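Taking it in order: structure first as structure tokens, then the write-up.
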Amino acid sequence: MLTSPPADHTIAQAIAHDELRLFYQPIVRATDGAVVAVEALVRWQHPTLGLLTPDRFLHKADRDGQLPLLDRWVLHRACQDLADLGPAAPDHVNVNLSAPTLATDFTEPVTTALERTGLAAHRLRLELSECADLNTLTHAEKHLKGLVERGVGVALDDMGTGSTDLRCLSRLAVHGIKIDKEFVSGMLTNPRDHAIVKLLTEMAHGLRLHVTAEGVETAEQLAALTRLGVCYVQGYHLAPPLTLAELTSTILTA
Ligand code: C2E
Ligand code: MG
Ligand code: MG
Ligand code: MG
């Protein structure tokens, strides 16, 4: 059975003990295989439980009110890592912002991360999943506008799975969508999933947004997505989440 970290072991302590790690999963241009971006994905190198994926600790971090703290740490580390990579680096790093962070004044941690690391604003993209309520949406809309004016990019994550996806798309200054892996995994066997991927792609293009498909696990899925005009792909078929060292050695020198 999977064990979660003990109740008294919090994200704040994990940060203090330097136990958080960032993995980077390449986002690839479908036409030529170029790595155009990486998505930062957090892990917890726990002293007794080993390397934990987010499903093992995000719920508790949420209950503890520590997701904004986690997001601040990730923002800083991801910007630092991309800035340190130098000329071989991909153009962009995508950082996930949690819903509770969207209800805070997140302009501050984002601009602080950019200023302290010297990363150009246009190289950072924020991935948002949906905003739960209208108040948060109105708040996020205001803060995102300022960041977008500075050049920061925004993508709507897990597109198709949220009840307020379209409202977020209508209101927020979004540059792209990420089609959820649920639809990608079903698209070759379930005609409805295929139709949903097609529709989301057409809608995004109609709105002049970039489209990334998540969870691409096979060459057949990649071919089907390419036929539908999906430009960017991410998934185990292309590359799994990698350590920074793996990213530099296997992808950037390829
Ligand atoms: P997400 O942002 O939608 O990230 C994509 C997830 O899909 C990642 O899971 C990734 O490892 C996984 N994945 C990538 N390729 C494939 C594939 O081909 N097949 C399948 N089945 N899965 C694939 P991960 O790293 O476990 O993260 C899960 C979720 O946790 C993320 O979903 C995101 O919502 C959240 N998360 C991860 N890192 C962070 C972070 O630094 N901050 C915040 N706030 N949330 C994070
Ligand atoms: Mg994401
Ligand atoms: Mg996603
Ligand atoms: Mg997700």
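The values are calculated or read from the model by the stated rules, or taken from the named source; none is laboratory data. Quick caveat, the model's predicted, so the values are computed rather than measured. Cβ atoms come from the backbone with ideal geometry, glycine included; neighbour counts cover every protein chain shown. What goes into the accessible areas is simple: the full protein's heavy atoms, side chains included, and nothing from ligands, DNA or RNA. Shrake-Rupley method; radii C 1.70, N 1.55, O 1.52, S 1.80 Å.
Give the percent of DSSP beta bridges with both residues in region 4-101 that are antiparallel, rounded to the nearest 5.
75 percent
Number of Lys pairs in the chain with C-alpha atoms less than 25 angstrom apart, excluding same-chain neighbours closer than eight positions?
Eligible lysine pairs with Cα atoms under 25 Å apart amount to 5.
If you average the alpha carbon positions of region 15-48 and of region 81-134, how far apart do those two centres end up, in angstrom?
Between the Cα centres of region 15-48 and region 81-134 lies a distance of 13 Å.
Using a 1.4 angstrom probe on heavy atoms only, work out the carbon and sulfur share of the accessible area of the chain in %.
Working: 6520 of 12150 Å².
Carbon-and-sulfur percentage of accessible area, whole number: 54.
Which whole-number percent gives the relative contact order of the chain, counting Cα pairs below 8 Å spaced six or more residues apart?
Worked out over the chain, it gives 19 percent.
For n ≥ 4 DSSP H runs only, could you compute -39500 (n - 2.57) per run for the chain, divide by its residues and tell me the 222 nm figure to the nearest 500?
Result for the chain, helices only: -11500 deg cm²/dmol.
Place the peptides 199-209, 61-71 in order of packing, highest mean first, counting for every residue the other Cβ atoms within 10 Å and averaging per peptide.
61-71, 199-209
At q = 0.16, 0.18, 0.21 Å⁻¹, what log₁₀ I(q)/I(0) does region 49-105 have when each alpha carbon counts as one equal point scatterer in the Debye sum?
So the normalised log intensities are -0.61, -0.73, -0.87.
Could you identify which residue out of THR243, THR48, THR111 has the top mean-square fluctuation in a GNM of the chain using Cα springs shorter than 10 Å?
THR48
Can you compute 3J(HN,Hα) from phi for each residue in region 108-114, using the Karplus curve 6.51 cos²θ - 1.76 cosθ + 1.60 with θ = phi - 60°, rounded to whole Hz and x for Gly and Pro?
The phi angles translate into 5, x, 5, 5, 4, 4, 5 Hz.
If you roll a 1.4 Å probe over the heavy atoms of the protein chains, what accessible area per residue do you get for the chain, in Å²?
48 Å²
Taking just the alpha carbons, could you work out the radius of gyration and Dmax for the chain, both in angstroms?
Every Cα atom of the chain included, Rg and Dmax give 17.8, 50 Å.
Using only Cα atoms, what Kirkwood radius does region 91-203 have, in angstroms?
Final number for the Kirkwood radius of region 91-203 is 14.8 Å.
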